[in-house]
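Report on the following structure.
Taken together, the values in this text are just the output of simple stated rules run on the coordinates, not laboratory data. All values reported here derive from a predicted model rather than from experimental measurement. When we count neighbours, we look across all protein chains shown, and the Cβ atoms used for this are built from the backbone with ideal geometry, even at glycine.
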Protein chains: 2
Amino acid sequence: MNVEVFNPFITATLDVLQTMAGIDPSRGTPRLKGRDDGSYDVSGVIGLTGQVQGFVTLSFRESAALHVVSSFLGEPVTCVDEQVKDAVGELTNIVAGGAKRALADSGYALTISIPSVVVGPNHSISRPKEIPCFEIPFETDAGPFSVELCLRLAG
Amino acid sequence: MNVEVFNPFITATLDVLQTMAGIDPSRGTPRLKGRDDGSYDVSGVIGLTGQVQGFVTLSFRESAALHVVSSFLGEPVTCVDEQVKDAVGELTNIVAGGAKRALADSGYALTISIPSVVVGPNHSISRPKEIPCFEIPFETDAGPFSVELCLRLAG
């Protein structure tokens with residue numbers, strides 16, 4: 001998997017958080033995610049079809065989700081309610097949409113699905129074993145989140 | 001949302017369980033799922049794009065997942081390990097693929113994403129509020145599972 005496919009997702013994440021929530025997370029070192037590794041507490045998931053296939057997940061520790069969503073909405077939120085789930089889905093949608101446009105400019109046509117949002121402490125999101133999953137860790141003032149890219153190029 | 005879009009998923013689920021696992025689940029009454037309603041313990045999720053958009057989820061209580069996967073694999077499984085997650089993803093993929101072909105015959109073109117499998121007791125999978133989600137409950141000898149259809153027609 002070429003890094004040029006990953007970078008638009010990272011760029012879009014940083015752009016979206018900065019412009020829509022005024023947050024500049026620090027970025028850690030990407031790593032290949034083990035199949036047993038869990039995600040954080042609140043995860044937005046979007047499926048990708050077309051020349052890039054798989055899914056992208058924005059997974060937040062609960063504290064980080066509340067921080068990011070409070071900044072995104074411009075009002076404090078204190079628990080993971082429907083409004084927070086909607087906001088996490090919307091943020092994931094904006095990130096995937098931004099990456100989709102950048103990838104189209106590079107010649108990769110893809111379609112993104114409607115977001116789903118998974119909530120539950122220590123949930124895990126698995127994918128077919130033949131598809132590698134890269135995790136790009138980020139850190140905010142209120143805790144970590146990650147962008148997970150489980151992708152392959154079409155046949 | 002027309003019932004002709006839902007039925008292929010129900011038919012495919014019954015077909016797949018019967019032919020691939022020898023299981024004939026009883027089917028309950030479909031209901032509109034509330035936004036706060038959780039899913040069971042192991043859920044295969046596939047995104048749909050094209051003329052039908054959203055996602056389909058096969059969500060199993062752990063006991064039902066182990067029963068169905070044991071029958072599907074032809075060997076007993078006793079815990080939700082990687083093999084079980086792969087099998088739930090594969091079953092979801094086969095159901096979505098079957099429904100996709102039936103919908104194509106009815107004039108609905110769609111593409112299905114790679115499956116993801118969510119594991120975690122009482123996890124919930126949310127979707128955008130403008131998309132209704134219908135749950136079709138099924139019961140096996142080893143407990144319940146459901147097919148969740150969160151779908152809309154394009155444009």
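Some points to look at:
- When the inverse distances between all different Cα atoms of the range A:96-151 are averaged and flipped, the Kirkwood radius reads 13.8 angstrom.
- Exceeding the 27 Å Cα-Cα cut-off - candidates A:K85/B:K33; A:K33/B:K100; A:K33/B:K85; A:K33/A:K85; A:K100/B:K85: A:K33/B:K100; A:K100/B:K85
- In chain B, helices alone account for a calculated mean residue ellipticity at 222 nm of -12000 deg cm²/dmol, with every DSSP H run of four or more residues adding -39,500 (n - 2.57).
- By the beta carbon rule, with partners counted only under 4.7 Å, chain B holds these lone Cys residues: B:C79.
- Dipole of the protein assembly as shown, positive direction: furthest Cα of A:T111, B:G89, B:G38, with charges on the beta-carbon: A:T111
- Most mobile of B:A12, B:A109, B:A87 in a GNM of chain B (Cα contacts under 10 Å): B:A109
- Under a Gaussian network description of chain B, with springs only between Cα atoms under 10 Å, the residue in B:L66, B:L32, B:L91 that fluctuates furthest is B:L32.
- Scanning residues 5 or more positions from B:R127 or on other chains, those with amide H under 5 Å from its amide H are A:V117, with H placed 1.01 Å from N in the peptide plane.
- Value of relative contact order over chain B, rounded to a whole percent, pairs C-alpha under 8 Å and six or more apart: 38 percent
- Using a simple spin-label model with pseudo-atoms 7 Å out from Cα toward Cβ, B:E139 and A:A104 lie 4.9 nm apart.
- Loop-resident sites, the range B:116-155, for chymotrypsin sites (Phe, Trp or Tyr not before Pro), counting at most 10 other Cβ within 10 Å (DSSP): none
- Distances between equivalent label points of A:G22 across the copies, with each point positioned 7 Å along Cα→Cβ, amount to 6.4 nm, shortest listed first.
- Dipole check for the range B:3-153: with +1 at the C-beta of Lys and Arg, -1 at the C-beta of Asp and Glu, and the Cα centre as origin, the magnitude is about 580 Debye.
- Debye, to nearest 20: dipole size of the protein assembly as shown, +1 on Lys, Arg Cβ, -1 on Asp, Glu Cβ: 620 debye
- Set of the range B:59-99 residues, backbone N closer than 11 Å to the point 7 Å along the Cα-Cβ line of B:T19: B:95, B:98-99
- Take B:A154, push a point 7 Å out from Cα through the beta-carbon direction, and compare it with the same point in every other copy: 1.2 nm, smallest first.
- Note: the range B:3-153, Cα convex hull, 95 Å³ per residue.
- Placing +1 on each Lys and Arg Cβ and -1 on each Asp and Glu Cβ, with no other charges, gives the range A:1-65 a dipole about its Cα centre of roughly 140 debye.
- Volume per residue of the C-alpha convex hull in the range A:51-112, rounded to whole Å³: 83 Å³
- Among complete DSSP H helices in chain A, those whose alpha-carbon atoms stretch at least 15 Å along the helix's long axis and whose mean Kyte-Doolittle hydropathy reaches 0.0 are A:3-21, A:62-73.
- Percent of Cα-Cα distances greater than 23 Å, calculated over the protein assembly as shown: 53 percent
- Inter-chain Cβ neighbour count for B:129-142, averaged per residue, equals 1 (cutoff 10 Å, partner chain atoms only).
- Between copies, A:E82 shows label-point distances of 4.0 nm, shortest first, with the point placed 7 angstrom from Cα along Cα to C-beta.
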